[in-house]
Each structure stands twice: as structure tokens, then as C-alpha cells.
Amino acid sequence: LSVALATLLADSGLTSRLEQSARQRLHTAGDHTAQLAADLYQQHHRWTAQTLTELGHVAAVSGYQLAVYDPGGRLLAGSVVRSPPALARNTVHAAGRPVGSVVLTPAEGRLLTAADRQLQHDLNTMHLIAALVAIAAGLLAAFLLAAQLARPLRQLTDAARRIERGDLGARVRPVGAP
């Protein structure tokens, strides 16, 4: 029973850990996108349509939506996601000065990707199976232990019934320590 309980408790923290990992992945992607944006900006010393398109493609390939803003907060490219599950906002610096910012949000509208959700489902299934196996093993052990402990009582009961029927020679063989 304790193994089953431990398995279920371990499963309870799984979602928060997966979400924490996904948030970290999003913020790392935001850092990398900001660095790429800075490198592309420095090539032309300004935001160009080509630069913004390249950044959008890189974000899309990584599974994110991108919005690029100028230093004044005006949207240059991408789209603003209403109530995203999470976002990464990073300032883009070129030549030591801020030249804009990039905002990444999950493209699917969910923090956990399809692969994350599949992993979560698979782990939930494995935890459930482990819990059921632990419960079955515990029940089997309890049944075997109960049968072992009840055997001497059954022998005494059987001997008492034989004596009740007149078999005064009925005996129960002693078992255990003297």
C-alpha cells in the first residue's frame, strides 16, 4: 500500500515539473531569439523586413509565435497573443543599446507541447500501472500472511469440534517456540 501511495504522490508533482521545464525551454528560446535578433539587426543597423521574416521563421520552426517591438513598444512584426499561457520577453541590444524586444509565446496556445503532453500521459499510465501492481502485491501478501496466521486457529477449532463429537483423542500438534 505504501508503494502505491508513493507512486501516486510522485505522479502529483509531475505536471508542475513538466510545466516548469516548458517555461525554462521557452525562456531559453527567448534568450536565443534575442541574441539572433541582435546579430541580424547589427548586419543592417536597423530592422528590415528580411530580418523580421527570418526571426519569424526561426520561431515558427521552434514551435513559438514571435512578436518584435521597437524600443518605443510599437509592434514591428508578428502578432500579439491575447492571454498566452506563458511568454518570454527579451530586450534586443545592438552596439550596447536597446533596439527593440522580442516576445515568444507557444504556437499551439499551450505551454506543454504535444510531446510534453504525450510524455505526461505515458508517465501517468506507468504510475497507475505501478500503483495497481503494488496494491495487488500488497493484497496477495496480506492474504498469504492471514492464511499463515489463521492456520493454528483452524487446527484448534477442528480439534474442539472433534472433542465435542466425542473424539477425546483429538490433539493439536504444538507449533512454534516451546
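The values are calculated or read from the model by the stated rules, or taken from the named source; none is laboratory data. Every value quoted in this text rests on a predicted model; they were computed, and no experiment measured them. Note that we place each Cβ from the backbone using ideal geometry, even for glycine, and neighbour counts take in every protein chain shown. Keep in mind that these areas ignore ligands, DNA and RNA; they rest on the heavy atoms of the full protein, side chains included. Shrake-Rupley method; radii C 1.70, N 1.55, O 1.52, S 1.80 Å.
Things worth noting here:
- Across segment 62-87, the qualifying residues are those that are at pLDDT below 90 and either assigned to a helix (DSSP H, G or I) or open to solvent by less than 30 Å² (accessible area, probe 1.4 Å) (or both), and the one among them that is nearest to A114 (Cα to Cα) is A86.
- Number of the condition not met by A59 [criteria: (1) within 30 Å of S16 (Cα to Cα); (2) surrounded by fewer than 20 Cβ atoms within 10 Å (Cβ to Cβ)]: (2)
- Candidates in segment 126-151 are the residues that are open to solvent by less than 80 Å² (accessible area, probe 1.4 Å) and at pLDDT below 85; of these, the one that is farthest from L14 (Cα to Cα) is I135.
- Which listed residue, of L104, L111, is outside any loop (DSSP other than H, G, I, E, B) and in contact with a helix residue (DSSP H, G or I) (Cβ under 7 Å, 6 or more places away or on another chain): L104
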